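The values are calculated or read from the model by the stated rules, or taken from the named source; none is laboratory data. Keep in mind that what you see is a predicted model, and the values were worked out from it rather than measured. Virtual Cβ from ideal backbone geometry, glycine too; neighbours counted across all protein chains shown. All accessible areas refer to the heavy atoms of the entire protein, side chains included, with ligands and DNA or RNA removed. Shrake-Rupley method; radii C 1.70, N 1.55, O 1.52, S 1.80 Å.
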Amino acid sequence: MDLGLKGKVVVITGAAGLKGSIGETILQHLAAEGAIPAVIDRNDRGFAYIEEIQKQGIDGLFCKTDVTNPVQIEEAIAKIVAKYGRIDALINNVGVNDGAGLDASYEEFMDSLKLNMVSYFVTVKSALPHLKASKGPILNIGSKVGLTGQGGTSGYAAAKGGVLGLTREWAVDLIKHSIRVNAIIIAESWTPAYDTWIKTLENGEEKLKSIVKKIPLENRMTTPDEIADTCLFTISERSSHTTGQFIFCDGGYVHLDRSLLTE
């Protein structure tokens, strides 16, 4: 299926994670579709990723940016528009489950909100004039933690819950501009960050097996490739009448009957 993304300037935040991370995988899928990814991230890996896709004949831009700094976000958006003259879509992908729980300080809690939610607001606000011009869609990457809780991560849970609220709010706000706003909600996906977390646990392998058994569809984790495919479809014109939706790419983890559990 041709998603019609060729030549589209797609801003994506948080896409300079490790190879195999969700953001980096979305970036590679955008390039494969012939889109022009404009990456906003603080990690220097972004330079290498853009150079890599440019060698494949795909244009792209990396803007090294601390997304907790509103001025830097504004400067990144200005740089993207200065080069391309437009923005055709925006994917907010930043997410760090930082474990800022009830024992965290006020400052740590606020830092978590700034990274995981406020950065979404500032990026959309900065890009909005250009999205209005293109009627470009907005896609927020969410987490099941914003709906189910997890324990020990108040900042991240509050931020991701807030992202879902913003998704619906912006869908209402921007419907008069024909701008669609949706969220992809992820549950259990095998990424480098997940691998790192499992390795910190004393009984990591047992914990991993326990988690996988609880994923109803095929008792396996959602792959970053599956998430990326869902993201690209959602921002494409193939999804032209979908807005204000929470799209669960989770193998049935959040909603399906607990009787499906294998044990």
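Just a few scattered comments:
- Taking 23 Å as the straight-line reach from the Cα of residue 213, the lysines in range (excluding those fewer than 8 positions away in the same chain) are 144, 199.
- Simple Cβ-charge dipole of the chain, Lys/Arg +1 and Asp/Glu -1, about Cα centre, in debye nearest 20: 760 debye
- Relative packing of peptides 138-151, 170-183, 88-101 - highest average C-beta neighbours within 10 Å first: 88-101, 138-151, 170-183
- Remark: for residue pairs 8/125; 6/64; 83/176, the C-alpha separation exceeds 22 Å in 6/64; 83/176.
- Residue-averaged [θ]222 nm for the chain, counting only DSSP H segments that reach four residues, each worth -39500 (n - 2.57): -13500 deg cm²/dmol
- Cα-based helix-to-principal-axis angle, 45-54 vs the chain, degrees rounded to 10: 60 degrees
- Calculated over segment 160-252: convex hull of Cα atoms, volume per residue (Å³): 105 Å³
- Extending 7 Å from the Cα toward the beta-carbon at both residue 19 and residue 233 defines two label points whose distance is 2.8 nm.
- Within the accessible area of the chain (1.4 Å probe), percent carbon and sulfur: 54 percent
- In range of the label at residue 1: residues from segment 29-65 whose backbone nitrogen is under 16 Å from the point 7 Å along Cα→Cβ: 30, 33
- q = 0.10, 0.11, 0.12, 0.26 Å⁻¹: log10 I(q)/I(0) that the Debye formula gives for segment 60-149, counting C-alpha atoms only: -0.30, -0.36, -0.42, -1.38
- Cα long-axis angle, helix 224-235 against the chain (0 to 90 degrees, to the nearest 10): 40 degrees
- Here the peptides 66-72, 31-37 are ranked by packing, the mean other Cβ count within 10 Å, and the order with the highest first is 31-37, 66-72.
- Cα-based helix-to-principal-axis angle, 70-84 vs the chain, degrees rounded to 10: 50 degrees
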